[in-house]
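Trainee: Have a look at this one.
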Amino acid sequence: MNRRETIHDRIFQQSRFPFYRNRAEIAWNEARAYKQLKDLQGTIIPRSYGFHKVYVPADGSEEPCFAHIVEHVALSSLESLKKYGLLNEEVLFSLLNALIPSLHEMHNCHIAYNELWVNNVLVETACQKGQAAPLITKVVFVDFALSSKEDVDSIREDGDFVVGVVTHLHGDPAVPIVMDWKNQHTKKPYATKTFENVLLYGWERDRAPLVYPEPCIITLDDIAAGIFADKGMGAGMGRRHQQPLAEEEGHTIMVGRDVGLQIEYQRLHPRTDVHQ
């Protein structure tokens, strides 16, 4: 008796995305990735049944396209977990436990994913007692159209994507969660290699205090209140200007966007061409 299997076809049709990358190029990207990852087919990537030339309707005629026939994997996407709301650390740790070793296996086959996001990673889950969101036990990567050869830069990009995915699912910057997970797996090559060149410590880096040459400071409170007359700046500086607000012997001073930023000035000469 013949075994029946559900398949899925990925058609690379240029006319659907006329200004995007060449469809033949990204089809070859995917073909190269599946060839390199042949030992992982049926585990963390679907089985491939080859690339074929097909003709699809387009503007009243037929358009030749490449089609990739792959195994249909009956799992939900990582994006589907958002129905449970923001995911907690336990669920995100289970994601990292499945995701990072699998990504490392891919890198060991000399392929970088370059497109890691919640809608192109499928997940197998297991319910946890008393919790709404399930734990993640397995991941399957789909869509290798933007994959590339593995190197230092592409591995770093994949690591950055991991941080972005966890942040997306957690709702807050996820660097502390990823750092905690990495610190618990410091002896595992998949943890050290994946994040080797990813900046995970910037959020807690000590910074030297700002030192101003004179105690003459304009704060954001001043900007909000419009109190500038006694500081030699003139009124109305709280409004957004496309020009510099003042100059000091050729040095331009601008108002920044960061909350809490303080703007120093010394012997400022108000500009006469700034709208008041």
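Trainee: Is it the case that Glu89 is outside the structural domain of Thr194 (by TED's automatic domain parsing) and in contact (Cβ under 8 Å) with a residue 60 or more places away in the chain?
Mentor: Working: outside the structural domain of Thr194 (by TED's automatic domain parsing): no; in contact (Cβ under 8 Å) with a residue 60 or more places away in the chain: yes.
No: the conditions fail for Glu89.
Trainee: Okay, moving on. Residues being modelled with pLDDT under 95 and polar (S, T, N, Q): count how many of those fall in the range 38-55.
Mentor: Count: 1.
Trainee: Starting from the range 53-78, take each residue that is within 18 Å of Glu5 (Cα to Cα) and list its partners that are hydroxyl-bearing (Ser, Thr, Tyr) and in a loop (DSSP other than H, G, I, E, B), counting only C-beta distances under 8 angstrom and pairs at least six apart or across chains.
Mentor: What qualifies is Glu71/Thr6; His72/Thr6; Ala74/Thr6.
Trainee: Any idea how many residues of the range 29-47 are of a type in the set (A, V, I, L, M, F, W, C) and outside any helix (DSSP H, G or I)?
Mentor: Applying the first criterion (of a type in the set (A, V, I, L, M, F, W, C)) to the range 29-47 yields 31, 33, 37, 40, 44-45.
Cutting the leftovers down to outside any helix (DSSP H, G or I) gives us 37, 44-45.
So the count comes out to 3.
Trainee: Name the residues in the range 164-212 that are at pLDDT below 90 and not in a loop (DSSP other than H, G, I, E, B), would you?
Mentor: Passing the criteria: Val175, Gly202, Trp203, Glu204.
Trainee: Mind checking whether some residue in the range 118-133 is within 18 Å of the chain's Cα centre (by Cα) and surrounded by fewer than 18 Cβ atoms within 10 Å (Cβ to Cβ)?
Mentor: Step one: filter the range 118-133 for residues within 18 Å of the chain's Cα centre (by Cα), giving 118-122.
Now narrow it down to the ones that are surrounded by fewer than 18 Cβ atoms within 10 Å (Cβ to Cβ): 118-119.
The answer is yes, given that some residue of the range 118-133 is within 18 Å of the chain's Cα centre (by Cα) and surrounded by fewer than 18 Cβ atoms within 10 Å (Cβ to Cβ).
Trainee: Can you confirm whether Glu30 is farther than 23 Å from Leu103 by Cα and either of a type in the set (Ser, Thr, Tyr) or outside the structural domain of Val140 (by TED's automatic domain parsing) (or both)? I'd like the intermediate steps shown before the answer.
Mentor: On the way: farther than 23 Å from Leu103 by Cα: no; either of a type in the set (Ser, Thr, Tyr) or outside the structural domain of Val140 (by TED's automatic domain parsing) (or both): yes.
Judged against the criteria, Glu30 is not a match.
Trainee: Moving on. So, of the residues in the range 30-53 that are polar (S, T, N, Q) and crowded, with 17+ Cβ neighbours inside 10 Å, which turns out to be farthest from Phe12 (Cα to Cα)? Talk me through it step by step, then tell me what you get.
Mentor: Narrowing the range 30-53 to residues polar (S, T, N, Q): 36, 41, 43, 48.
Retained after the next criterion (residues that are crowded, with 17+ Cβ neighbours inside 10 Å): 36, 48.
Working: Gln36: 20, Ser48: 15 Å.
Checking each candidate, the answer is Gln36.
Trainee: Does Leu87 qualify as being under 18 Å from Pro134 (Cα atoms), at pLDDT below 95 and not in a strand (DSSP E or B)? Break it down stepwise before answering.
Mentor: Details: under 18 Å from Pro134 (Cα atoms): yes; at pLDDT below 95: yes; not in a strand (DSSP E or B): yes.
Judged against the criteria, Leu87 is a match.
Trainee: Being within 30 Å of Arg47 (Cβ to Cβ), at pLDDT below 95 and under 23 Å from the mean Cα position of the chain (by Cα) narrows it down to one residue among Asp158, Asp143; which is it? First the steps, then the outcome.
Mentor: Numbers: Asp158 fails: at pLDDT below 95.
Unique residue meeting the criteria: Asp143.
The values are calculated or read from the model by the stated rules, or taken from the named source; none is laboratory data. Just so we're clear, the structure is a prediction, and the values are computed from it rather than from any experiment. Every residue, glycine as well, gets a Cβ built from its backbone with ideal geometry; the counts of neighbours run over all protein chains shown.
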